Ligand SMILES: C[S@@+](CC[C@H](N)C(=O)[O-])C[C@H]1O[C@@H](n2cnc3c(N)ncnc32)[C@H](O)[C@@H]1O
């Protein structure tokens with residue numbers, strides 16, 4: 001399902017349970033999103049736990065690092081939430097992607113993500129703003145300035161201008177996309193973040209958590225999203241209110257593994 005081309009060169013979207021579309025990646029053998037809901041995942045896995053609207057409102061500025069632009073849903077829905085919830089704030093989003101999708105494919109997906117024939121002016125602006133981002137590498141959408149760095153994230157990370165307050169860590173799975181789950185890469189991400197930064201990701205597996213811990217992050221549990229496990233939240237230092245802690249058993253197991261494991 002979802003792997004036929006409906007028009008030449010453009011893959012057919014796969015519907016997820018909240019009605020928003022996703023795609024299947026032939027390269028990685030995985031869908032781009034949780035089939036419980038692509039829009040649900042963007043909001044509840046990334047935007048809400050990273051507290052982007054609250055932080056932008058409270059501080060008047062915010063810098064987000066989006067790792068794996070993919071189909072652009074995390075970025076598009078972050079722009080929508082920030083325009084509505086923190087229109088006065090100055091927000092910067094830096095998004096990393098090695099293979100940006102064609103703007104025509106984004107426009108097609110945006111119809112399913114942001115509404116079809118009855119789109120508001122704001123939804124239209126987000127659609128065209130991200131199409132510009134995909135063509136020109138940068139775009140401005142209301143309070144949000146977005147820059148895309150095309151290339152391998154593990155190569156460009158060192159040159160990025162931080163510090164970041166929030167990180168959406170959304171590669172394919174650790175088994176299929178291992179370079180973005182290494183202690184080394186996550187350590188570079190940590191060095192680009194401000195104290196109090198929050199990172200969210202969908203994986204709750206031990207290996208990525210160990211890599212995060214050894215890279216200097218404090219680890220907590222993320223929310224459950226749809227039928228998916230809790231995922232992981234991580235912070236640089238303390239945040240207030242604190243992120244939900246791991247259970248004492250998970251904490252001990254992680255600590256033990258972190259002391260054993262050495263990356264090659
Ligand atoms: C699961 S998808 C991201 C979904 C996306 N966040 C969204 O909202 O639609 C993962 C993305 O990471 C990209 N990617 C994988 N490895 C990468 C790497 N080493 N550097 C940069 N991008 C990479 C893939 O091309 C893919 O678009």
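The values are calculated or read from the model by the stated rules, or taken from the named source; none is laboratory data. Values in this document were obtained by computation on a predicted structure and should not be read as measured data. Cβ coordinates were reconstructed from backbone atoms using ideal geometry, including for glycine residues, and neighbour counts include every protein chain displayed.
Inside the stretch 60-85, can you point out the residues that are part of a loop (DSSP other than H, G, I, E, B) and either buried (at least 21 other Cβ atoms within 10 Å of the Cβ) or more than 9 Å from the ligand (Cβ to nearest atom) (or both)? Before the answer, list the steps.
In the first step, residues of the stretch 60-85 are kept if they are part of a loop (DSSP other than H, G, I, E, B); the result is 60, 68-72.
Scanning the stretch 60-85 gives 60, 69, 70, 71, 72.
In the stretch 177-195, how many are touching a residue at least 40 places away in the same chain (Cβ under 8 Å) and within 9 Å of the ligand (Cβ to nearest atom)?
Final tally of qualifying residues: 2.
Restricting attention to the stretch 34-85, report how many residues are touching a strand residue (DSSP E or B) at 6+ places or on another chain (Cβ under 6 Å) and more than 22 Å from residue 181 (Cβ to Cβ). Steps first, please.
Of the residues in the stretch 34-85, the ones touching a strand residue (DSSP E or B) at 6+ places or on another chain (Cβ under 6 Å) are 34, 38, 41, 44-46, 49-50, 52, 55-56, 61-67, 69, 74-75, 79, 82.
Restricting the remaining residues to those that are more than 22 Å from residue 181 (Cβ to Cβ) gives 52, 55-56, 61-63, 79, 82.
So the answer is 8.
So, in the stretch 233-261, how many residues would count as being surrounded by fewer than 18 Cβ atoms within 10 Å (Cβ to Cβ), out of contact with any helix residue (DSSP H, G or I) (no Cβ under 6 Å at 6 or more places or on another chain) and not in a loop (DSSP other than H, G, I, E, B)?
Number of matching residues: 10.
Only one of these conditions is not met by residue 88: (1) in a loop (DSSP other than H, G, I, E, B); (2) under 21 Å from residue 180 (Cα atoms). Which number is it?
(2)
Of everything in the stretch 21-45, what is near the ligand (Cβ under 10 Å from one of its atoms) and part of a loop (DSSP other than H, G, I, E, B)? Give them in sequence order.
Answer for the stretch 21-45, where residues must be near the ligand (Cβ under 10 Å from one of its atoms) and part of a loop (DSSP other than H, G, I, E, B): 23, 27, 28, 32, 33, 34.
Only one residue in 51, 83, 3, 92 is modelled with pLDDT under 95 and within 21 Å of residue 144 (Cβ to Cβ). Which one? Give the derivation first.
Values: 51 fails: modelled with pLDDT under 95; 3 fails: within 21 Å of residue 144 (Cβ to Cβ); 92 fails: modelled with pLDDT under 95.
Unique residue meeting the criteria: 83.
What's the number of the condition residue 169 fails, among (1) within 12 Å of the ligand (Cβ to nearest atom); (2) over 28 Å from residue 60 (Cα atoms)?
(2)
Residues 140, 149: which one is under 24 Å from residue 52 (Cβ atoms), without any contact (Cβ under 8 Å) to a residue 40 or more places away in the chain and not in a helix (DSSP H, G or I)? Show your work before the answer.
Values: 149 fails: without any contact (Cβ under 8 Å) to a residue 40 or more places away in the chain.
Exactly one residue qualifies, and that residue is 140.
Just to be sure before I move on: is residue 57 within 13 Å of the ligand (Cβ to nearest atom) and surrounded by fewer than 24 Cβ atoms within 10 Å (Cβ to Cβ) in the structure I sent? If you could, list the steps in order and put the result at the bottom.
Working: within 13 Å of the ligand (Cβ to nearest atom): no; surrounded by fewer than 24 Cβ atoms within 10 Å (Cβ to Cβ): yes.
So residue 57 does not fit the description; no.
Can you name the condition, by its number, that residue 50 falls short on among (1) within 15 Å of the ligand (Cβ to nearest atom); (2) assigned to a helix (DSSP H, G or I)?
Of the numbered conditions (1) within 15 Å of the ligand (Cβ to nearest atom); (2) assigned to a helix (DSSP H, G or I), the odd one out for residue 50 is (2).
Any residue in the stretch 223-232 that is under 19 Å from the mean Cα position of the chain (by Cα), at pLDDT 95 or above, buried (at least 20 other Cβ atoms within 10 Å of the Cβ) and more than 24 Å from residue 39 (Cβ to Cβ)?
no
For the stretch 207-229, which positions are in contact with a strand residue (DSSP E or B) (Cβ under 7 Å, 6 or more places away or on another chain) and touching a residue at least 40 places away in the same chain (Cβ under 8 Å)?
Within the stretch 207-229, 209, 213, 222 meet the criteria.
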